[in-house]
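Inspection log for the structure reproduced underneath, given as structure tokens.
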Amino acid sequence: MQAQVLLKPRPVEEGPLRLTERPVPEPGPGELLIRVRTCGVCHTDLHVVEGEIPLPRLPVVPGHQVVGVVERAGGPAPAGGAAAAIPPGTRVGVAWLHGTCESCDYCRSGSENLCGEARFTGYHVDGGFAEYLTAPADFVYPLPDRFSDLEAAPLLCAGIIGYRALRLSEARPGERLALFGFGASAHITLQIAVHRGCEVYVFSRSEAHRRLAVDLGAAWAGQAGEGAPAQAERAILFAPAGPLIPTALRALRRGGTLAIAVIHLDRVPSMDYALLYGERTIRSVTASTRQDGIELLRAAVDAGVRVTTEAFPLRDADRALTLLKAGRIQGAGVLVVSE
């Protein structure tokens, strides 16, 4: 099979990925062998490829927004496992959360995203920038027929993380929600928030992104630092830029919440305490649970989400990541791996 392999992190402009022939992986007990159709291109992939987050292994195949078809199950599956219940030919999604210990306090309390032994797709294990991958059957998602392979891929991280950030922001119907950065995740989150009755303001450097935001239902769109029509009760930071934190706090009313939906920030800046005073809250968003994924897929159908994508062949993974870094992808970039 062909796979885009990271041997050593480097700036994406230097082409760090290598298109390589590899054996098709063998699924273990409780796992599925999945033929990849599409795989979304995420900012986390960019952080992995450029080494901005510590890498637990090299070489590694990035990619964690995978739409594919089950080829076969490994076996025998553990008692109660889902592998035998998912027949060959089933279309499934594979997301960032690859597996957890399933026995610690976090896992037992519904916070498996915080498990100390959590493993992530395209990070601890090879991901979807390849023609095949394996995944635990208990951690894959059945996908709604409403979304094509291209449309479904961004839902599996951009959508899930955005949904969790929206939930952790505690945005309620009738409230104003400010989104900072408008890429793959924000363009999905915006539509769900509008469907739920929020008035959404979008802050983005890109004029094209601001136009897309308004087209998808934003009440206002401008650049960070511009005055929105009013302060918001809730905000989500999608851009991996720490200096935007004070800007986002200035956009919040007293008692508001800022959710930070990125895995890596260049820094958290020092700032005047007055920006936090007034019982404003800052909270990070750490990965996601399987339940988040289930709820997001349902919410995307209910809201009639329009997923805007730009397709690239597998051989152009470096180019897709370069355009993502430059903010030049409308909506979400998706690698087309097979038909």
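The values are calculated or read from the model by the stated rules, or taken from the named source; none is laboratory data. None of the values given here were measured: they were computed from a predicted structure. Here Cβ is always computed from backbone atoms with ideal geometry, including for glycine, and neighbour counts include all displayed protein chains.
Annotations
- Look at segment 191-207: where a residue is modelled with pLDDT of 95 or more and a partner is of a type in the set (Phe, Trp, Tyr) and in a loop (DSSP other than H, G, I, E, B), sitting 6+ places away or on another chain with Cβ atoms under 6 Å, you get VAL202/PHE182; SER204/PHE182.
- The requirement of being surrounded by fewer than 24 Cβ atoms within 10 Å (Cβ to Cβ) and of a type outside the set (Ser, Thr, Tyr) is satisfied by GLY174.
- Residues located in segment 93-129, provided they are among the charged types (D, E, K, R) and surrounded by fewer than 19 Cβ atoms within 10 Å (Cβ to Cβ): GLU102, ASP105, ARG108, GLU117, ARG119
- Test: GLU71 is over 18 Å from the mean Cα position of the chain (by Cα) and assigned by TED's automatic domain parsing to the domain that holds VAL94: yes
- When GLY227 is tested against (1) out of contact with any helix residue (DSSP H, G or I) (no Cβ under 7 Å at 6 or more places or on another chain); (2) surrounded by 19 or more Cβ atoms within 10 Å (Cβ to Cβ), exactly one condition is not met: (2).
- Enumeration of residues in segment 203-261 that are within 18 Å of GLU279 (Cα to Cα), of a type outside the set (Gly, Ala, Ser) and over 19 Å from the mean Cα position of the chain (by Cα): GLN231, GLU233, ARG234, ILE245, PRO246, THR247, LEU249, ARG250, LEU252, ARG253, ARG254, THR257
- Subset of segment 6-26 that is within 29 Å of GLU71 (Cβ to Cβ) and of a type in the set (Lys, Arg) - its residue that is surrounded by the fewest Cβ atoms within 10 Å (Cβ to Cβ): ARG18
- For segment 285-296, the criterion of being surrounded by fewer than 21 Cβ atoms within 10 Å (Cβ to Cβ), without any contact (Cβ under 8 Å) to a residue 60 or more places away in the chain and either under 18 Å from the mean Cα position of the chain (by Cα) or assigned to a helix (DSSP H, G or I) (or both) is satisfied by no residue at all.
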